[in-house]
Each structure stands twice: as C-alpha cells, then as structure tokens.
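Right, one structure below, let's go through it.
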Amino acid sequence: MPLAVTVVGGAHIENTGAFNVGRLTQLTPTLQFYSSNPRNTSVNIRGLGAPLGLTNDGIEQGVGVYIDDVFYARAASSTFDFLDVSRIEVLRGPQGTLFGKNTTAGALNITTRAPTFDPEARLEATAGNLGFVQLKGAVSGPLSDTLAVRLAGSFTQRDGTIYNVTQRQWINSQDNKGARLQFLWRPSSGVEVTLAGDYNKQNPNCCALVYVRTGATQRPANRQYAALAAAQNYAVPSTNPFDRLTDEDVALRAKNETGGVSLRAKIQTGLGTITSITAWRFWDWDPSNDRDYLGLPITTKSNNPSHQDQYTQELRLTGETGRFNYTVGAFGFYQKIHTTGVQQQGPAASKFLIAPSNALSNDPSVLNGLTASNDITLKNTSAAIYGKFGYKLTDTLSIQPGVRLNYDKKDGVYNSTVTDGNGNLVVFKINPATGKSANSSREAAQLAVLAPQYFVANFSDWNLSGDVTLAWDPTRDVHVYGTYARSFKSGGINLNGVPSNTDGTPLLQFATIKPERVNHFEVGIKTQFWGRKGTFNVAAFRTEINDYQAQVSNYTVGALRGYLANAEKVRTQGVEVDFALRPSERFSVYSNAAYTDAKYVRFKNAPCPPELSGGTQPVDSNGNLTSPPAAPGVSGVSPLSCDISGQVLPGVSKWSFSYGGEVNLPVQAFGGEGQVYLGVDGNYRSRFSSNPTPSAYTWVEGYALTNFRLGVRRDGRFDIYGWVRNAFDTKYFDQLAVASGNTGLIVGQVGDPRTYGLTVRTQF
C-alpha cells in the first residue's frame with residue numbers, strides 16, 4: 001500500500017493500555033494530542049492539524065477522525081475511550097481523494113469489531129491505584145440466519161491527580177461511560193447493511209492547570225504577577241508543580257456527551273463495491289472553568305457550553321478491472337453549532353487587572369460581576385466529489401492519480417453583550433462632536449477587560465486538489481513509492497471575537513481566515529524480511545503550507561482570548577522509520593522513530609512571546625526593533641508584534657520514539673496450553689514549544705516514559721496481568737500555557753504519575 005500509515009491492532013491497544021487517543025500517541029511517534037479539556041483539544045500529525053490550545057467553532061481540523069467510516073467533526077470526540085476496537089489506522093499526510101472529508105495532515109481511521117454470526121463474548125476488568133476502575137465488555141451473536149447483533153460497553157473511573165486545597169478534593173479525575181449497539185443484516189453474500197448507534201458521556205471533576213513559574217514581561221513592575229499577588233497578600237499553595245496542588249476557587253466541570261446513529265450499506269455489483277454511509281451525530285459540552293488558575297476570585301466564570309449537530313452522507317464505488325482499479329465517491333456534510341458563553345469577573349479583579357496608578361483599582365465594585373454573555377452560531381455546509389485511480393504500467397510499476405472537487409460554505413454570528421455588577425449594559429460611547437470616547441473612567445476600565453461585540457461573517461469557496469503516486473515493487477517483499485499532493489484546508493470564521501477599533505467597531509478583515517494551500521512531497525520504502533518475520537519501513541516527507549492558520553493571542557483578560565490569522569508560510573519535513581520483528585512465538589520486538597523539523601518559514605506580524613509583551617515597539621525574531629505593525633492602535637491588541645520567521649511550530653518534538661517487546665514461556669494455564677509473559681513499552685519525545693510563538697518560559701522539556709506488564713494467558717481464552725505505567729515516575733508536563741492577564745504567570749498540565757494495577761480479560 002503506497003501510503004504512510006501505522007496500523008495498530010486491537011490486541012496491541014488492549015495489551016498496552018492505549019485506550020484513548022492520548023495514550024495512542026505513545027505508540028505512534030508522529031501523532032500529537034493536546035487537551036486541557038475536551039473542547040480545547042488538538043490532534044496533530046507531523047506537527048500539523050489544529051492550532052495548539054485554541055478551539056474556535058469556525059475552523060476545521062487538519063486531522064480527521066473516522067469511526068467505521070463516519071467522520072467526527074469535533075475534536076472533543078477524540079477524548080473518549082476506544083470502544084470495542086478492531087484496529088486503528090493512523091494515516092499521515094493529506095487525505096481526501098480516497099474517502100470522506102478533506103484533511104491536510106492525516107486521519108485516524110478507527111474500525112470497531114463487527115457483529116458476528118458465531119456467538120462470542122469479551123469481558124475485561126481492571127483495577128489500579130488512584131481508584132482506577134475500568135470495565136469493558138461486548139457480546140455478539142445471531143438473531144437469525146441473516147441478522148446479527150453486537151452490544152459493547154465501557155466504564156472508566158479514576159480519582160484525580162491534583163489536590164485542590166480550597167475545595168479539599170482531588171481533581172482532574174476520569175469518569176467515562178460508553179455504549180455501542182450494532183445490527184448487521186446480510187441477506188446474501190453480496191449485501192451487508194449495518195445499523196449502529198452509540199452514546200458516550202464524560203463527567204469528570206476537571207480540568208485544572210497548576211502554577212509552574214513566573215517570567216518577567218515588559219509591563220511595569222507593579223503590573224506583573226509578583227506585585228499583583230503581593231498586593232492581595234496571596235500566595236499559591238506550592239511553587240513546585242509536581243507537588244500537584246492547586247487552590248482554584250471555582251467548581252470545575254467538564255461534562256461532555258456525544259452520540260449518533262449511522263447506516264452503512266455495502267453492495268457487490270458488476271462494477272465493484274458500492275458503499276453508502278449515512279450518519280447523524282451530536283455533541284454537547286457543559287463546562288465550568290477557573291480561567292485565572294488561582295485561588296483569587298479574578299475570573300469567576302469562563303464557560304462556553306456548546307451543542308453541535310452534524311449530518312453526513314457518503315457514497316463511493318470501488319472496483320478493479322484488468323490493470324485498472326478505481327475508487328470514486330461523493331461526500332456531503334452539514335453541521336450547526338450553537339455556543340452560549342459567559343465570562344464573569346470577581347471581587348479580586350479590580351486590583352489584579354486595573355493599573356495600581358488608577359484609583360479604581362482599589363474599588364472592587366468596578367469589575368466585580370462584570371459579565372460578558374456570548375451567543376455564537378455557525379452553520380457549515382461542505383460537499384465534494386473525489387476519485388482515486390490506479391493503473392499497472394507493468395507487473396511491478398503502477399501510477400495512482402487522485403482528484404477532489406470541494407465546496408465549503410460557512411455562516412457565522414458572534415454576539416457578545418457586557419453588563420456590570422448591577423446588570424446595566426456596558427457599551428462604547430462616542431462623542432459625535434469630537435469623535436472621541438465619551439465613556440466614564442469607570443466604564444473605560446470595564447471595557448478594557450470585557451468589551452461587547454457583534455458581527456456576522458460568511459465564507460464560501462471552491463477548491464480543486466489532487467495527488468499522484470508512483471509505486472514500484474522490485475521484489476515480492478519490497479515496495480517503493482513517491483507521492484505529490486496538492487491539498488487545502490478550508491477557510492473559516494473567527495468565532496472567538498476579533499480585534500476592534502477604539503470605538504468598539506469590529507475589524508471585519510479579521511473575521512474570516514483564508515484557506516491553507518498545501519504542497520506535500522513524500523517518498524518511502526516498505527520491506528519484509530527473514531521469511532516475512534520482520535518489517536522495516538522508511539518514509540521521508542516535506543509539507544509546505546501557504547496561508548497557514550495560526551493562533552494569534554493578545555494575552556488580555558477580555559473575551560478575546562485568541563483568534564486565528566494566516567501566517568504567510570510554514571514547512572514541516574522529516575523522516576519516519578518503523579521496525580518490527582517476531583523471529584519466533586516466544587519473542588517479538590518493535591520500534592518506531594520520527595524526526596520532524598516544523599517551522600514558520602514566514603510569519604512577520606505574529607504575536608510576541610510573553611517576555612516581550614507589554615512593550616510598545618515591534619521586534620523581529622532576534623529582539624531587534626522593526627517597522628511599525630500593520631494595525632497600530634487597535635483596541636484590545638498590544639501594538640507589539642514580532643517577526644518569528646524561522647522559529648518552530650508549537651507542539652512538535654524534533655525527535656520522538658516508541659519501542660517495546662515481549663518475551664514468553666510456555667506453561668499450562670487455565671486448563672490448557674498458555675504462556676507466562678513479560679512485556680515492555682516505552683516512548684520518548686524531545687522538548688517542544690508549548691506556545692504559539694516560542695517563549696523561553698514555555699518550553700516543555702523532553703521526557704521518556706516506560707511501561708511494564710507481567711502476566712499469564714491462555715491464547716484466545718483468558719489473560720491476567722499486572723501492569724505499571726510510567727514505571728520510573730518521570731515528572732513531565734503535557735503542556736504549558738500563558739495565563740490570561742499578561743502578568744507573566746505560566747501554568748501547566750502535569751503528566752500522570754506512576755500508576756499500577758491488575759487486568760483480567762476473558763473471551764468465549
């Protein structure tokens with residue numbers, strides 16, 4: 001297969017405890033997953049996919065998630081536990097000429113176990129430290145000669161890993177439940193129809209970030225974190241993040257629900273296999289966050305509950321005749337998202353957010369109760385026709401061109417109103433005679449923190465993209481290929497708010513984002529050796545993107561937490577190697593490695609890192625003064641901009657590895673022949689930047705994790721094993737973030753400590 005793809009089987013997923021996408025990254029080095037909560041989740045491949053740490057209803061993911069051929073539009077769906085999975089394919093590089101939604105960075109193609117006409121059952125129970133309990137089960141069998149059913153369910157619960165000294169409870173817990181029901185109708189050997197429904201729910205006490213450090217900014221000393229905290233006699237419970245302590249004073253909630261129904265039909269015809277996939281899905285998000293990350297009542301509410309409905313229809317024909325094979329199809333997608341957000345300031349906000357030189361900073365009533373209520377709607381329609389064709393030029397040489405014609409349309413409405421603590425509207429007032437602000441000093445202080453805004457934005461575009469692959473099989477066990485792809489990522493709408501003029505008028509040139517234009521090059525070789533007991537594959541790639549959709553953040557506390565803009569050009573390139581060997585039934589080993597060099601080629605008007613924020617002059621990537629920024633004096637946006645051309649993209653480790661192996665000995669176990677076995681799985685990633693613009697304060701240092709398992713099993717019947725994850729209790733961060741307010745406060749998501757437990761699995 002001339003594709004850069006990693007296939008992870010269901011047994012390997014179960015044995016290694018990789019029961020969600022976050023843990024799957026430990027098996028696939030080029031897959032990156034970041035999630036401060038389900039809504040703020042990014043899935044990237046080779047450093048591309050979605051801006052790190054920013055969820056914006058009006059943009060699309062660069063990595064597609066498919067479960068049984070159904071496209072999942074919301075990244076929040078990737079935070080759920082895998083349910084009854086048969087295999088997972090991690091497809092790297094642009095996808096869109098072979099199936100489904102166009103994606104520029106890759107796709108996760110997840111296949112669940114299908115209903116069977118032979119009765120079977122699978123049960124699994126796990127218990128571990130931190131109160132970890134996980135139950136999984138599936139039953140399948142016939143209802144008649146032509147109808148089979150399968151029911152699967154899972155339950156995961158674990159205590160939190162962070163202790164909240166204010167609320168006296170452990171937080172960042174796990175609480176996942178899921179169920180899936182499938183009916184398979186097979187009236188003949190050439191017809192299969194599957195009706196499936198699923199429901200998943202998360203309701204953990206989550207999600208907190210902890211104090212990591214502070215760093216100096218260019219703000220006056222009395223506007224930086226140390227002075228602001230001292231002014232309120234405040235100190236965090238610990239300055240060591242690995243004490244795992246917080247004092248966040250807002251109750252946390254991360255209630256996340258998703259589900260849907262799909263109908264998939266496969267019919268064999270004289271032309272080939274016709275496949276139809278019809279699906280409806282929903283997503284509900286109900287959060288409660290503490291966005292100041294402190295025990296001070298600065299921001300007492302910062303929540304964006306959302307509801308999404310999506311409808312998809314795909315129809316494709318796959319066939320082969322002589323030297324020619326083909327896949328042609330059509331894909332339609334519609335979604336509607338409604339988000340009703342709220343941000344509210346508390347009694348400590350005035351002293352923390354208003355300059356001490358302003359007497360209003362000593363009046364808590366100025367900002368206490370100040371509330372922004374947001375109403376955000378997106379309607380998104382996408383339609384495409386696509387085709388992938390293959391022709392054997394000789395018995396060993398083939399060419400495979402592909403093409404896609406795509407149409408996207410987005411309509412968005414952003415409406416944010418602001419009220420003070422007494423419920424009065426806070427609006428921009430302009431003196432018509434002078435054209436200057438007519439707001440009182442109290443109102444001006446309020447508008448500097450939360451500003452009302454309303455705009456309607458629309459985007460629509462046609463795109464033609466394609467790819468071509470040349471493949472050569474010099475021997476039965478060697479496959480060589482080269483690919484060029486011209487792809488795109490749809491443009492979008494900024495639905496987190498946009499910069500505005502000093503009178504509050506939104507700058508609508510920032511309301512829409514141009515499509516990304518992608519040129520992708522890849523060569524690879526796939527081999528089998530030693531009587532096909534081993535595999536060795538190498539792929540080299542280079543992806544160039546013009547008008548890259550990058551995050552821009554102004555580090556203010558207002559409703560404008562971040563928005564998107566188009567960086568002129570980025571590039572990612574690298575080499576991937578994977579190796580697997582099973583010389584006998586008693587021993588197996590695998591290793592995967594990736595070198596990824598991802599950087600901004602040109603981004604001349606980027607947001608500056610926190611150490612340069614608060615300044616008044618634009619600088620280049622070396623800190624040297626440059627020409628004035630493109631839009632000086634824009635309200636709510638620092639006039640400081642930076643040229644970060646040549647700097648690295650966020651979230652990308654230059655080096656990443658995964659490796660493991662298993663050795664076993666034959667024994668009599670559970671009434672039959674079995675094995676006692678010892679397995680090890682490990683991974684390493686080098687340091688990476690955890691901020692849209694690289695900062696000295698937000699580098700996550702490299703780390704290695706090692707997992708062990710020891711057990712006894714009877715093949716295909718019974719398995720019991722003990723396991724330990726992060727066996728050496730490595731202290732590491734999943735990500736770091738710059739806290740809002742531009743004070744120099746850096747917070748982080750601490751990685752899991754050592755965990756251990758026992759798993760019992762049976763199948764009959």
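Report the residue count in the stretch 8-63 for those that are farther than 28 Å from residue 135 by Cβ and in a loop (DSSP other than H, G, I, E, B). The total comes to 19.
Can you give me the number of residues within the stretch 710-762 that are charged (D, E, K, R) and open to solvent by less than 20 Å² (accessible area, probe 1.4 Å)?
Looking only at the stretch 710-762, we keep the residues that are charged (D, E, K, R), and these are 713-715, 717, 719, 725, 729, 731, 734, 752, 754, 761.
Next, from what is left, pick out any that are open to solvent by less than 20 Å² (accessible area, probe 1.4 Å): 719.
Here the count works out to 1.
From 509, 549, 528, which residue is within 30 Å of residue 215 (Cα to Cα) and either at pLDDT below 95 or not in a loop (DSSP other than H, G, I, E, B) (or both)? The unique qualifying residue is 549. Within the option set 273, 278, being within 20 Å of residue 69 (Cβ to Cβ), open to solvent by 50 Å² or more (accessible area, probe 1.4 Å) and part of a strand (DSSP E or B) holds for one residue only, 278.
Comparison of 248, 257 shows that the only residue that is farther than 29 Å from residue 353 by Cα and not aliphatic (A, V, I, L, M) is 257. The residue pairs whose first member lies in the stretch 351-380 and is touching a residue at least 24 places away in the same chain (Cβ under 8 Å), whose second member is open to solvent by 30 Å² or more (accessible area, probe 1.4 Å) and hydroxyl-bearing (Ser, Thr, Tyr), and whose beta carbons are closer than 6 Å, counting only pairs six or more residues apart or on different chains, are 371/419; 373/417; 375/340.
Answer yes if at least one residue in the stretch 196-210 is in a strand (DSSP E or B) and in contact with a Leu (Cβ under 6 Å, 6 or more places away or on another chain), and no otherwise. Talk me through it step by step, then tell me what you get.
Start the filter on the stretch 196-210 by keeping residues that are in a strand (DSSP E or B), which leaves 196-202, 210.
Going one step further and asking which of them are in contact with a Leu (Cβ under 6 Å, 6 or more places away or on another chain), we end up with 197.
Yes, the stretch 196-210 has at least one match.
Would you please name the residue that is modelled with the lowest pLDDT, looking only at residues in the stretch 191-218 that are more than 30 Å from residue 147 (Cα to Cα) and surrounded by fewer than 21 Cβ atoms within 10 Å (Cβ to Cβ)? Per the stated criteria, the residue is 218.
Here 458, 496, 519 are screened, and the one residue that is crowded, with 20+ Cβ neighbours inside 10 Å and under 19 Å from residue 61 (Cα atoms) is 496. Residues that are open to solvent by less than 20 Å² (accessible area, probe 1.4 Å), within 20 Å of residue 730 (Cβ to Cβ) and of a type outside the set (A, V, I, L, M, F, W, C) within the stretch 691-702 comprise just one, 698. Does residue 395 fit the bill of being surrounded by fewer than 22 Cβ atoms within 10 Å (Cβ to Cβ) and of a type in the set (Asp, Glu)? It is true that residue 395 is surrounded by fewer than 22 Cβ atoms within 10 Å (Cβ to Cβ) and of a type in the set (Asp, Glu).
In this structure, does residue 476 turn out to be in contact (Cβ under 8 Å) with a residue 24 or more places away in the chain and basic (Lys, Arg)? Criteria not met by residue 476. Looking only at the stretch 400-428, filter to residues that are touching a residue at least 60 places away in the same chain (Cβ under 8 Å) and among the small types (Gly, Ala, Ser); which one of those is nearest to residue 448 (Cα to Cα)? If we take residues in the stretch 400-428 being touching a residue at least 60 places away in the same chain (Cβ under 8 Å) and among the small types (Gly, Ala, Ser), then 416 is nearest to residue 448 (Cα to Cα).
Only one entry of 180, 213, 186 meets the criterion of being more than 30 Å from residue 285 (Cβ to Cβ), within 29 Å of the chain's Cα centre (by Cα), not hydrophobic (A, V, I, L, M, F, W, C) and not in a loop (DSSP other than H, G, I, E, B), and that entry is 213. Scanning the stretch 366-392 for residues that are under 30 Å from residue 504 (Cβ atoms), open to solvent by 40 Å² or more (accessible area, probe 1.4 Å), part of a strand (DSSP E or B) and not acidic (Asp, Glu) yields 373, 379. Do we have any residue at all in the stretch 627-643 that's at pLDDT 85 or above, closer than 30 Å to residue 585 by Cβ and open to solvent by less than 60 Å² (accessible area, probe 1.4 Å)? No, that holds for no residue. For the criterion of being surrounded by 14 or more Cβ atoms within 10 Å (Cβ to Cβ), farther than 26 Å from residue 101 by Cβ and among the acidic types (Asp, Glu), residue 503 fails.
In this structure, is residue 188 among the small types (Gly, Ala, Ser) and surrounded by fewer than 19 Cβ atoms within 10 Å (Cβ to Cβ)? Give the derivation first.
Values: among the small types (Gly, Ala, Ser): yes; surrounded by fewer than 19 Cβ atoms within 10 Å (Cβ to Cβ): yes.
Here the answer is yes, as residue 188 does meet what is asked.
Scanning the stretch 306-334 for residues that are surrounded by fewer than 17 Cβ atoms within 10 Å (Cβ to Cβ) and within 20 Å of the chain's Cα centre (by Cα) returns 307, 309. Of the residues making up the stretch 122-161, those that are open to solvent by less than 60 Å² (accessible area, probe 1.4 Å), charged (D, E, K, R) and closer than 30 Å to residue 241 by Cβ number 1.
Which of the following residues is over 15 Å from residue 586 (Cα atoms), of a type in the set (Phe, Trp, Tyr) and buried (at least 19 other Cβ atoms within 10 Å of the Cβ): 670, 688, 657?
From the options 670, 688, 657, the qualifying one is 688.
The values are calculated or read from the model by the stated rules, or taken from the named source; none is laboratory data. Small disclaimer: the values here were computed from a predicted structure and weren't measured. FYI the Cβ positions are ideal-geometry reconstructions off the backbone, even for glycines, and counts take in every protein chain you see. Heavy atoms of the whole protein, side chains included, go into the accessibility calculation; ligands, DNA and RNA do not. Shrake-Rupley method; radii C 1.70, N 1.55, O 1.52, S 1.80 Å.
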